[in-house]
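Coordinate-derived values only; no laboratory data. Predicted, not measured: the structure shown is a model, and the values here were computed from it. All Cβ positions, even for glycine, are placed from backbone atoms using ideal geometry, and neighbour counts span all protein chains on display.
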Amino acid sequence: MKELLIEQEELLHNYETRHNKREIIRLIHPEFREVGQSGTSFSFKTIIEMMSSEKQPSGHVHAQDYECIQLEYSVFLMLYKTAWVSKDGSASYFAKRSSIWVLNNGAWQMKYHQGTPCDEFTLV
């Protein structure tokens, strides 16, 4: 299960996924809520709007130190750390992330996500 949820989590980091409404609907629960790294709150509707307006990035999200905790039969908590890595290789915007994944009609969907700024860490 951990590998599937990591794969889905990382799909949501990709520009191509974030601009594919069908994939977003597959991966994000209709009752989704997020508290972003900036403290801004998002709903399912506002996250789709935000993702669809994003420009092609000049870097990528690096993620590491995944921990997957089963809370209930159909509920998992995913914890990990991220950093934004620019094309020149410099890292910034370090954050601790948490996501709650729920089984909904036979598919795993993210129902909650939060990003919290953290101290710089070594990328592995």
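General remarks:
- Ser98 vs. criteria assigned to a strand (DSSP E or B), polar (S, T, N, Q), crowded, with 16+ Cβ neighbours inside 10 Å and without any contact (Cβ under 8 Å) to a residue 40 or more places away in the chain: yes
- Test: residue in segment 105-113 that is out of contact with any Phe, Trp or Tyr (no Cβ under 9 Å at 6 or more places or on another chain), among the polar types (S, T, N, Q), over 18 Å from Leu11 (Cα atoms) and surrounded by fewer than 14 Cβ atoms within 10 Å (Cβ to Cβ): yes
- Within segment 1-32, restricting attention to residues that are acidic (Asp, Glu) and part of a helix (DSSP H, G or I), the residue that is farthest from Ala63 (Cα to Cα) is Glu23.
- Under the condition of being in contact (Cβ under 8 Å) with a residue 60 or more places away in the chain and part of a helix (DSSP H, G or I), the residues counted in segment 36-91 number 0.
- Matching entry among Asn20, Asn14 (being among the polar types (S, T, N, Q), farther than 17 Å from Gln64 by Cα and surrounded by 14 or more Cβ atoms within 10 Å (Cβ to Cβ)): Asn20
- Taking the criterion of being among the hydrophobic types (A, V, I, L, M, F, W, C) and farther than 20 Å from Val102 by Cβ, the only residue of segment 1-50 that qualifies is Met50.
- A single entry from Phe121, Phe76 fulfils the requirement of being surrounded by 13 or more Cβ atoms within 10 Å (Cβ to Cβ), over 16 Å from Gly36 (Cβ atoms) and in contact with a Cys (Cβ under 8 Å, 6 or more places away or on another chain): Phe76.
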